[in-house]
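Participant: Handing you this structure, nothing more for now.
Just so it is clear, none of the values below were taken in a lab; they were calculated from the coordinates. In this text the structure is predicted, and so the values were computed from the model without any measurement. Reconstructed Cβ throughout: ideal geometry from the backbone, glycine too, with neighbour counts over all protein chains shown.
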Amino acid sequence: MFEILKSDTMGRYLTAVKLIKPGELIINEMPLVIGPPMHNSPFCLGCNQKVDFSSEQYRCPGCRWPLCGPDCKGINNEIGHSKQECSILTERNIINSIEKSHGNRLKAIHEVIFHLRCLYLKHSHKDKWEKLQALEAHNDLRKDIPMLWYRNQFRIVNQIREDWNITDFSEEEIHTVCGIIKVNCFGVGREGIRGRSLYPTTSLLAHDCSPNARIILDSNDYSVSVSASRDIKEGEIITISYVDIFMSTLQRRDELKNAKFFWCSCQRCSDPTEFDTFCNALRCPKCSKSSVLPTDPLDQKAPWRCTNCSHIMDADVVAAILVLLPEELGTFDINDVASHKKFIERYSKILGDNHYFLLSAKYAICQAKCSNSTPTSFLENKEKYCREILKVMELLVPGQSRVKGIIMFELYFTLMLLSAKKMQTDQITKKEFRNTMRNAIGLLEESEEILRWEPEGTASRKKAEEAKAILLQLKCDRP
Ligand SMILES: [Zn+2]
Ligand SMILES: [Zn+2]
Ligand SMILES: [Zn+2]
Ligand SMILES: [Zn+2]
């Protein structure tokens, strides 16, 4: 289905060797290595579940690290808390130093543990070690960033070689693993279970801000699957997005440069209107009629200009707005409809209609639970928001995506409630009702098709199961 190619600018990447259809599975694999999260609270080293330092918490009989329980699947397991890891921690009495620091050293120790798990593959699994070494580390680029290089030298290299006196690995080897983790690692987990993992093939996938493939990380077993989100032609590069697709070009490019060491210049980044969605656009503070857009989206410092009155805004001013507003959004509970509504009202004056921040707030409102007693005005508003998001998604990331699946599911329910209300009050005819329902069922079918691949137990997968049950019921009801 794909081949692995290599170029000087992109490193190793995957291309399709035949046409791949939407939904078709491209990769399904287990991680090479899993590590605890970068967190200052304790996690079970076997399964990455949250634990604590209380006296009731089960402890590893060897190293005294808090673990979820004696039956944890990850104990004595090569991808969890191995015997070797246990003896390293025991010999150095690591848990004692963590407790003395009241947990403050945990994040740093978690980091060292993850790096050691990678490094020890060299002795325990030559095949995995070779696959790990094939991942990009960008040593040359990282050496030129003293803050980063010396941080790794002090926090990882010296910690392992000097403080823990583990001399099996050279400084160069440890720095390379630092790079491999920084560039290729995925965060996985939900509801208190978190981890970081590296995958042999998925980690090679190239990035595009409008990707053609979709990645699903399963927190249950840390497996990953990658499937086509739209047609991928023979010879086309298979791409995923390394960053949140609901981010502005300035922020996506900054984040990719800081975390992955490249300036993205994909089609979406190169287009000031982002495929005519105007997701980036600010409302002009001078004429308030038109959009202010970057004059050169591939230059982070380029000024922004109004398409109507040519009013100029400094890139730093735009960047400041882009930093401040999501901070506010981030403080709201996802179910807090009132705060999201207020946010939309307040910032519609400075952001374009389709701006990401407004869309993010609308996305939250679209997921609010509704019933027969929900006011019509709220349902009408929700319908409007759902359609706006779908329209933008269709242009930005055409094809299957989780966001699209969720919105289609919500739109189905909204249309159903709304048209039932309207028919009861004679606002629509029976025929109109039937037509709306037919469209709504189409949405539900597509939503089920997209969300059925989400990991078991997640909210999205539950939506797929609910959709499937409704569709089955509808089939039975039909004469
Ligand atoms: Zn556990
Ligand atoms: Zn142990
Ligand atoms: Zn891009
Ligand atoms: Zn203007």
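Participant: Starting from the Cα of Lys143, draw a straight line to each of the lysines and keep only those under 18 Å, dropping any in the same chain fewer than 8 residues away.
Facilitator: Hits, sequence-local ones excluded: Lys182, Lys257, Lys260.
Participant: Magnitude of the Cβ-charge dipole of the chain, K/R +1 and D/E -1, about the Cα centre, nearest 20 debye?
Facilitator: 960 debye
Participant: If the only charges are +1 at each Lys and Arg Cβ and -1 at each Asp and Glu Cβ, what is the size of the charge dipole of the range 339-414 around the Cα centre, to the nearest 20 debye?
Facilitator: Charge dipole of the range 339-414: 200 debye, to the nearest 20.
Participant: Loop only by DSSP, 10 or fewer other Cβ within 10 Å of the Cβ. Give me the trypsin sites (Lys or Arg not before Pro) in the range 354-414 that pass, ordered by residue number.
Facilitator: Answer in residue order: Lys369.
Participant: For the charge dipole of the chain, defined by +1 on Lys and Arg C-beta atoms and -1 on Asp and Glu C-beta atoms about the Cα centroid, which residue among His39, His138, Tyr120 has the Cα displaced farthest towards the positive pole?
Facilitator: So the residue furthest toward the plus end is His39.
Participant: Could you put Ser87, Ser54, Ser227 in order, starting from the residue whose Cβ has the fewest other Cβ atoms within 10 Å?
Facilitator: Going from least to most buried by this count: Ser54, Ser87, Ser227.
Participant: Rounded, prolate or oblate: which fits the range 306-439 when a ≥ b ≥ c are the square roots of the eigenvalues of the alpha-carbon gyration tensor, with rounded for a/c under 1.5 and prolate only if a/b beats b/c?
Facilitator: prolate
Participant: Can you figure out the FRET efficiency of Arg59 with Ala368, using R₀ = 41 Å and their beta-carbon distance, to the nearest 0.05?
Facilitator: In this case the efficiency is close to 0.45.
Participant: Follow-up question, since we're still on this one. To make sure I understand, if each residue's beta carbon is the centre and we count other beta carbons within 10 Å, what order do His102, His39 fall in, fewest to most?
Facilitator: Lowest to highest Cβ neighbour count: His102, His39.
Participant: Report P(r) for the chain: all Cα-Cα distances, bin width 10 Å, range 0 to the bin holding the largest distance, values in whole percent.
Facilitator: 4, 16, 24, 25, 19, 9, 3, 0, 0
Participant: A further question on this structure: Rounded to the nearest 0.05, what FRET efficiency do Trp263 and Leu471 give with R0 = 56 Å and r taken as the Cβ-Cβ distance? Could you check?
Facilitator: Calculated value: 0.80.
Participant: May I ask which residue of Gln57, Cys86, Gly69 lies farthest towards the positive end of the charge dipole of the range 51-99, with charges of +1 (Lys, Arg) and -1 (Asp, Glu) on Cβ and the Cα centre as origin?
Facilitator: Final value for the positive-end residue is Cys86.
Participant: Once label points are set 7 Å from the Cα along Cα→Cβ at both Glu445 and Ser97, what is their separation, rounded to one decimal in nm?
Facilitator: 6.2 nm
Participant: Subtracting the Cα-Cα distance from 0.36 nm times the residue separation, let me have the gained length for Phe275 to Asp163 in nm, one decimal.
Facilitator: Gain on stretching Phe275 to Asp163: 35.1 nm.
Participant: I've got another one for you. With +1 on the Cβ of every Lys and Arg and -1 on the Cβ of every Asp and Glu, and nothing else charged, how large is the dipole of the range 360-479 about its Cα centre, in debye rounded to the nearest 20?
Facilitator: 220 debye
Participant: When a/c is below 1.5 the answer is rounded, else prolate if a/b is larger than b/c, else oblate, so apply that to the range 244-355 with a ≥ b ≥ c taken from the square roots of the Cα gyration tensor eigenvalues.
Facilitator: Since a/c reaches 1.5 but b/c is at least a/b, the shape of the range 244-355 is classed as oblate.
Participant: Whole percent per 5 Å bin, from 0 to the bin with the longest distance: what is P(r) over all C-alpha pairs of the range 366-479?
Facilitator: P(r) for the range 366-479, in whole percents per bin: 2, 12, 20, 23, 22, 13, 6, 2, 0.
Participant: Under 18 Å from the Cα of Lys468, which aspartates and glutamates turn up, not counting those fewer than eight places away in the same chain?
Facilitator: Output for Lys468: Glu410, Glu445, Glu446, Glu448, Glu449, Glu454, Glu456, Asp477.
Participant: Dividing the convex hull volume of the Cα atoms of the range 47-156 by its residue count, what figure in Å³ per residue is obtained?
Facilitator: Considering the Cα atoms of the range 47-156, their hull volume per residue is 124 Å³.
Participant: Using only helices, what value at 222 nm comes out for the chain when you add -39,500 (n - 2.57) per DSSP H run of length 4 or more and divide by the total residues, to the nearest 500 deg cm²/dmol?
Facilitator: -13500 deg cm²/dmol
Participant: Please name whichever of Ile237, Leu418, Ser170 sits farthest to the positive end of the charge dipole of the chain, dipole taken about the Cα centre and charges placed at Cβ: Lys and Arg +1, Asp and Glu -1.
Facilitator: Leu418
Participant: Continuing with the same structure: For Lys126 and Tyr150, calculate 0.36 nm times their separation in residues minus their Cα-Cα distance, and state this gained length in nm to one decimal.
Facilitator: Separation in residues times 0.36 nm, less the Cα-Cα distance, equals 5.7 nm.
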